[in-house]
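Readers should treat all values here as calculations from the given coordinates under stated rules, not as data from a laboratory. Computed from a predicted model, the values in this text were never measured in an experiment. Don't worry about glycine lacking a Cβ; one is built from the backbone with ideal geometry, like all the others, and counts go over all protein chains shown.
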Amino acid sequence: MWWTTSRPRVKSQPKVLISSQRSDAGQDVHVPIEPDETIGQVVPHHVSAQNDATLHIRVKRPMKKMTLRVGDGFEKKLPFARPSEMIWVTVPKEVFRGASGPVVVRCEGR
């Protein structure tokens, strides 16, 4: 068996601006994503306000005829959702640009 005891050198990662405010210096601004009590998981936890974002969402309990809402500017109607299945949804960047705080992801029954 062959292995090495030396570790490869890793360069330090650049610091990321985590804020819901726009940066005047042209830096990439990240907006936090928060789930409400109906959501089990949301990935990623922060998204860029300059690009569309794909969210991976898992609900806490099975739901029929539901509406998935991201912030105040995006909604998607779904026939059902199960905790064992991940929901993938692409959210336009306009939803994140107008955010004055964390963007809340929630599910509501129809």
Inter-label distance for Glu85 and His56, nm, one decimal - labels placed 7 Å from Cα along Cα-to-Cβ: 1.7
Overall form of the range 33-109 per C-alpha gyration tensor (a/c, 1.5; a/b vs b/c): prolate
Difference of contour (0.36 nm per residue) and Cα-Cα distance, Arg106 to Lys76: 9.7 nm
